[in-house]
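Written below as structure tokens is the structure these notes are about.
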Amino acid sequence: MADKIRVTVVYEYTPDMEDYPGCGDVHAAARLDADENDIRHYPEAYDDDIVSVVYEGILG
């Protein structure tokens, strides 16, 4: 297995609950985002919400 670099990006944002119909709280809104609004499909939409980036060397 090859050596790798792992990048962990943490995003935090305040959801506009009007955009989450049927979600009674932030936990339900997070589940909806995970199921339907995968950040990997819209990364540029969250650029301002990055709170930390960690780079790690991973030995294979």
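Among the residues of the stretch 28-60, which ones are open to solvent by less than 60 Å² (accessible area, probe 1.4 Å) and touching a residue at least 40 places away in the same chain (Cβ under 8 Å)?
52, 58, 60
Filter the stretch 13-29 down to the residues that are assigned to a loop (DSSP other than H, G, I, E, B) and either of a type in the set (Val, Ile, Thr) or on the phi > 0 side of the Ramachandran plot (or both) and list them by number. So that I can check it myself, show each step before the final result.
Keep residues of the stretch 13-29 that are assigned to a loop (DSSP other than H, G, I, E, B), which gives 13-16, 20-25.
14, 22, listed by residue number.
So residue 13 passes all but one of these: (1) within 17 Å of the chain's Cα centre (by Cα); (2) open to solvent by 100 Å² or more (accessible area, probe 1.4 Å); (3) not acidic (Asp, Glu). Which condition number does it fail?
(2)
Between a residue in the stretch 2-16 that is within 17 Å of residue 29 (Cβ to Cβ) and any residue that is open to solvent by less than 80 Å² (accessible area, probe 1.4 Å) and β-branched (Val, Ile, Thr), which pairs come within a Cβ distance under 6 Å, given they are 6 or more apart or on different chains?
Note: pairs meeting the criteria are 11/50.
Tally up the residues in the stretch 1-10 that are at pLDDT below 95 and open to solvent by 70 Å² or more (accessible area, probe 1.4 Å), please.
Going through the stretch 1-10 one residue at a time, the tally reaches 1.
Hey, among the residues in the stretch 30-60 that are charged (D, E, K, R) and in a loop (DSSP other than H, G, I, E, B), which one's farthest from residue 5 (Cα to Cα)? Don't jump to the end; show me each part of the working.
Residues of the stretch 30-60 that are charged (D, E, K, R), as a first pass: 31, 33, 35-36, 38, 40, 44, 47-49, 56.
Now restrict to residues that are in a loop (DSSP other than H, G, I, E, B): 38, 40.
Values: 38: 22, 40: 18 Å.
Top of the filtered list is 38.
The values are calculated or read from the model by the stated rules, or taken from the named source; none is laboratory data. Being a predicted model, the structure only gives us computed values, none of them experimental. Methodologically, a virtual Cβ is constructed for each residue, glycine included, from the backbone with ideal geometry; neighbour enumeration extends over all protein chains shown. Accessible surface areas use protein heavy atoms only, side chains included; no ligands, DNA or RNA. Shrake-Rupley method; radii C 1.70, N 1.55, O 1.52, S 1.80 Å.
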